[in-house]
Each structure stands twice: as C-alpha cells, then as structure tokens.
1. Taking the range 131-146, which residues are without any contact (Cβ under 8 Å) to a residue 60 or more places away in the chain and under 19 Å from Ser88 (Cα atoms)?
2. Please go through the range 115-130 and give me each residue that is loosely packed, with under 14 Cβ neighbours inside 10 Å, touching a residue at least 24 places away in the same chain (Cβ under 8 Å) and not in a loop (DSSP other than H, G, I, E, B), ordered by number.
3. Which residue pairs have Cβ atoms under 9 Å apart, sit 6 or more places apart or on different chains, and have a first residue in the range 86-114 that is in contact (Cβ under 8 Å) with a residue 24 or more places away in the chain and a second that is among the polar types (S, T, N, Q) and loosely packed, with under 15 Cβ neighbours inside 10 Å?
4. Just need a number here: residues in the range 76-107 that are closer than 17 Å to Thr192 by Cα and in a strand (DSSP E or B).
5. Kindly indicate whether Lys178 is assigned by TED's automatic domain parsing to the domain that holds Asp69 and either touching a Ser or Thr at 6+ places or on another chain (Cβ under 8 Å) or at pLDDT 95 or above (or both).
6. Give the residue that is nearest to the chain's Cα centre (by Cα), with candidates limited to residues of the range 81-106 that are of a type in the set (Ser, Thr, Tyr) and surrounded by 16 or more Cβ atoms within 10 Å (Cβ to Cβ).
7. Going residue by residue through the range 185-198, is there one that turns out to be hydroxyl-bearing (Ser, Thr, Tyr) and either without any contact (Cβ under 8 Å) to a residue 12 or more places away in the chain or more than 29 Å from Pro30 (Cα to Cα) (or both)?
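The values are calculated or read from the model by the stated rules, or taken from the named source; none is laboratory data. Every value quoted in this text rests on a predicted model; they were computed, and no experiment measured them. Methodologically, a virtual Cβ is constructed for each residue, glycine included, from the backbone with ideal geometry; neighbour enumeration extends over all protein chains shown.
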Amino acid sequence: MKLIFSDVTEMLKLLALFLVTVTFAFAQTPKKVVEWSKSPIGSNNEIVSENLKLFRQIDGVEIEGVMVDNKPITLGEHFVATDDWLKSLVFRVKNISSQKLLSVQLTMILPQLGPGSPDVVFCYGCAPEEKERGFLPGEVVEMKILGGPFYDWVRSRIEEKIKLSETAKAEIHHLYVKPPNGPTWFSGCIKTANPKNACPTLP
C-alpha cells in the first residue's frame, strides 16, 4: 500500500508541476487587442487625391464580426490568442450598398513597433479570383491578411524589433472600398453591426 501511495503522490507532484509550468508560460504571453485609431482618417478634414472619395465613415459596407483563432472578439477589448494571431485574424464584412463592390481592404499598424511599423493589410478582392467576382449587395465576405511573401515580410519586420509572441496591439489605420465606377471610398472607419465594435467617429 505504501508503494501505491508513493506512486500516487509522485503523480500528483508531477501534475502540479505541469500545471504551474503551463500557467507560467500562459501568463508570459500578453493579451491582444485590435482597436480603432483614436483620431480616424476622415475626421480631421484631410486632403486626399481625386481618385479617392474621403468619408468620415464608410456606410456602404459593415463589419459583421471579427474572429481570431476561429473565436469572436470585440474591437477595443483584450483577448487571449496564439503567438501567430495576426495570421488567424478575420474581418467578416457585409455589402450593405445597392451595388456590386469589387474589393474591400483594411490596413492596420502595430503601435509597439513605432514609426517603423509595417502596414498590415487585410483584404477581400485582392486575389485575382476574388477581384473578378467582387461581392453583391447583401453578401458577406471575409477580409484576411495577405498571405505568401507579404505575410513573411510582415513577420520578419516584426521580429526585427520584438518577438512575434510579444505583439499585443493592432490599430486600424484606414480602409478602402472599390466600387465598380468612380473613385475609391476611403476612411478610417466603417459601419459595424455590433455597437461594441463601433469606430469612434467624431460628431
């Protein structure tokens, strides 16, 4: 019986050590957050080119939801994610205009990297097959980070300054929406289905 008790005790010690190790490793990974700029493009009377139509907020498309690692998150609220969380970040966007749209693109920056932050681009309609198809009124599409060489470049730029696991904040900088005709819509904000995700546009 002593031998059995000793075995159980050792197992419990090992289990406790494992849980402490896992908890410590988990605590070392900072929580993440995706947030809007506190001074969005379009709210400060910026001057843009004739090929862009500037809006305080683009209302022809709407963010239906945001996912990381296949789990919903709320903009501006912290969440737990894997180290490579930018690669799994997805913006679900609905066309609520009355026309077919060719593409929608969102660009973020990483404030931790300072002025040297790369532009982190999420897009639907940048891939040739998506661009040809576009998306119709009422249709929901997913903006994902550009893959391949672009993602490799973003990752290498991050790791020049900090570990990938230390990236904790991404800030939405600007958005483009390409209609079939006329100038591209441009803003720091777009409409959101969930008021909790709303961009802090100025009155």
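1. Those that are without any contact (Cβ under 8 Å) to a residue 60 or more places away in the chain and under 19 Å from Ser88 (Cα atoms): Val141, Glu142, Met143, Lys144, Ile145, Leu146.
2. Passing the criteria: only Gly116.
3. Qualifying pairs under 9 Å: Val90/Asn70; Gln99/Asn181.
4. Number satisfying all stated conditions: 10.
5. yes
6. Ser103
7. Checking the range 185-198: at least one residue is hydroxyl-bearing (Ser, Thr, Tyr) and either without any contact (Cβ under 8 Å) to a residue 12 or more places away in the chain or more than 29 Å from Pro30 (Cα to Cα) (or both).
Per-residue answers, yes or no, for (1) more than 16 Å from Glu171 (Cα to Cα); (2) modelled with pLDDT of 60 or more; (3) of a type in the set (Ser, Thr, Tyr):
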residue: Ser6; (1), (2), (3): yes, no, yes
residue: Asn44; (1), (2), (3): yes, yes, no
residue: Asn51; (1), (2), (3): yes, yes, no
residue: Phe55; (1), (2), (3): yes, yes, no
residue: Gly60; (1), (2), (3): yes, yes, no
residue: Met67; (1), (2), (3): no, yes, no
residue: Pro72; (1), (2), (3): yes, yes, no
residue: Glu77; (1), (2), (3): no, yes, no
